[in-house]
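Structure record follows, encoded as structure tokens.
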Amino acid sequence: MTILQENSSTTSAGASASSGGLNPTSILHRTTWRPPVAVSADGMYIQLEDGRRVIDAVGGAAVSCIGNGHPDVTKAMKDQIDTVSYVYNMQLSNKPAEELAKYMVSTGKGAFESVVFVSGGSEAMEAVLKLARQYFYETKQHQRSNFIARQLSFHGNTLGTLALAYHPARRAPYVDLLNKTNFHHVSPAYAKRFQKPEETEEEYVERLRQELEDKFQELGPDTVIGFVAETVVGATSGVVPPPKGYLTAMKSVCDKYGALFILDEVMSGMGRLGTTHAWETFGDGAIPDLQAVAKGLGGGYATIGAVLMSKRVTDGIRDSAGFMKHGHTYQAHPVSCAASLAVQSVVDSQNLLANSLEQGELLSSLLRTKLTTPNSPLSPYVFDIRGRGAWWAVEFEFAEPKGDAKPLQFKGGESFAMLVQAKCLEKGLVIMAFHGGANLEGTKGDHIMFSPAYNVTKEQTEKIVEIFIESAEEVFREDVI
Ligand SMILES: Cc1ncc(COP(=O)(O)O)c(C=O)c1O
């Protein structure tokens, strides 16, 4: 019997809400169930307090890009603690931060001129907002105070980033606190859901470009600071790439009116999609003026995020104030920067992006084979399997299935994806489930995300698919009403 069954009192996630039998917790958890406690970890395997060993197929939250406990990284972190454990960046800089900044600039191949380090993705996106505003403040365009982002986006959990992004369920408790004056939204770029049947891809992109241009006109083109998008959408709709030419079209509107083109690559960047920056693959050459990265930068060894800035933005600030007017205590932390340098060195020296592309092909072909074969009971309900490199999603559609299959609901009104996530954990697999990414209201849609470490092996990839399919089919058999 598993830890979840022992303590079962099924909740909206289909897992245990009760803490009976477990040690009491003083943590106010983020889940309706009690998350099992991890006691040790090695690569992609995590040992739980109850004795089980699980395989992490999603790198926490698309974070662990080389797994746990890599000796090069732990050594670099220990050495750094022994050398300089902390200095405050308004007084002193430090060597790993300087070195990491040079490395990050070099990854842009001319796109970037400077870098700012922060402690995570939300902080990176907050810094993006403030740097973008500071740029126009310093260049004497004080009237620029509007950001345009997209519906069904996610840019973080601070009040600023929640206001910037738009997902109704995530905003709901805080909506009265969110700034609606300076943050505006246009349609998502999600062709499979929102492209009209009579439209070509080109026409769809043109409709979205026109909508952005209309929004600029409505707000006053010279009041817009910038347009912000996740290069590939992550936590709302699940690994949704932009249609071809979309990012170039959106950037052309920004360029036309002197606004900034801003990409959030907190989840999609730092190698997750098989190239260091997601725009290298999905951007059609649309290089951002500002870009946020985080998760894969420190790979989970350190809490770190970064903002990458173009020459235009850097010069605008350097040639006036000369410094960034925003910051936090743990910015450019020496241990976080040393850890990130070591993570990036492992990814580069072991050619892990090539491995992630190869394993990604295997993962997707196994998923397609198992889920879309006519023998699979799930086949009529598979809406899409999409991704690249070490980042994939399977989206299900139970309200409007294919062919003669009948629409389905699950016991207790549960989300299929959430039930599968719980079942996978029982069987020793960590994946991530999302609900509400398929319509603008955020009430429809079930998808499962896979984001294994870039050094995942063939055997691990096969095991991930095996447990996932077994779990999904079991939920399908047992929980349909
Ligand atoms: C695109 C994007 N931006 C920002 C964030 C926020 O990052 P963090 O959770 O590190 O604050 C996330 C987190 O998932 C994300 O996916």
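Key figures for this structure:
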quantity: Residues with amide H under 5 Å from that of GLU230, placed H, sequence gap 5 or more; calculated: ASP264
quantity: Segment 152-185: trypsin sites (Lys or Arg not before Pro) in DSSP coil with no more than 15 other Cβ atoms inside 10 Å; calculated: LYS180
quantity: Environment charge of GLU265, counting only residues whose C-beta is closer than 9 Å and scoring Lys/Arg +1, Asp/Glu -1; calculated: -1
quantity: Rounded to whole Hz, the Karplus (6.51, -1.76, 1.60) HN-Hα couplings of segment 189-201, x for glycine and proline; calculated: 10, 9, 4, 5, 9, 10, 5, 6, x, 7, 8, 7, 4
quantity: Antiparallel DSSP beta bridges within the chain, percent to nearest 5; calculated: 65
quantity: Interatomic Cα distance distribution for segment 71-349, bins of 10 angstrom, percent; calculated: 7, 30, 36, 21, 6, 1, 0
quantity: Placed amide H near VAL430: partners under 5 Å, 5+ positions off or other chain; calculated: ILE55, ASP56, ALA57
quantity: J(HN,Hα) series, segment 82-92, from Karplus relation 6.51 cos²θ - 1.76 cosθ + 1.60, nearest Hz, glycine and proline x; calculated: 6, 9, 9, 7, 7, 9, 9, 6, 8, 10, 9
quantity: Simple Cβ-charge dipole of the chain, Lys/Arg +1 and Asp/Glu -1, about Cα centre, in debye nearest 20; calculated: 660
quantity: Globularity index of the chain, i.e. its alpha-carbon radius of gyration over 2.2 N^0.38 Å; calculated: 0.97
quantity: Karplus (6.51, -1.76, 1.60) ³J(HN,Hα), θ = phi - 60°, over segment 226-240, in Hz, Gly and Pro reported as x; calculated: x, 9, 10, 8, 6, 4, 10, 6, x, 6, 9, 9, x, 6, 9
quantity: Protection proxy ranking of 24-30, 416-422 - average other beta-carbon atoms within 10 Å, highest first; calculated: 416-422, 24-30
quantity: Proxy reagent accessibility, fewest Cβ within 10 Å first, across SER336, SER379; calculated: SER379, SER336
quantity: Two-site FRET efficiency, LYS95 against ASP404, from Cβ-Cβ distance with R₀ of 51 Å, rounded to 0.05; calculated: 0.20
quantity: Paramagnetic label zone (point 7 Å from Cα along Cα-to-C-beta, ARG30; backbone N under 18 Å) in segment 434-458; calculated: 434-437, 447-452
quantity: Over 20 Å (Cα to Cα) - which of LYS411/LYS463; LYS109/LYS130; LYS109/LYS311; LYS75/LYS95 fall in this group; calculated: LYS411/LYS463; LYS109/LYS130
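No value in this document is a laboratory result; all are computed from the given coordinates. Everything numeric in this text was worked out from a predicted model, so none of it was measured. Ideal geometry is used to build each Cβ from the backbone, glycine not excepted, and the neighbour counts take in all protein chains shown.
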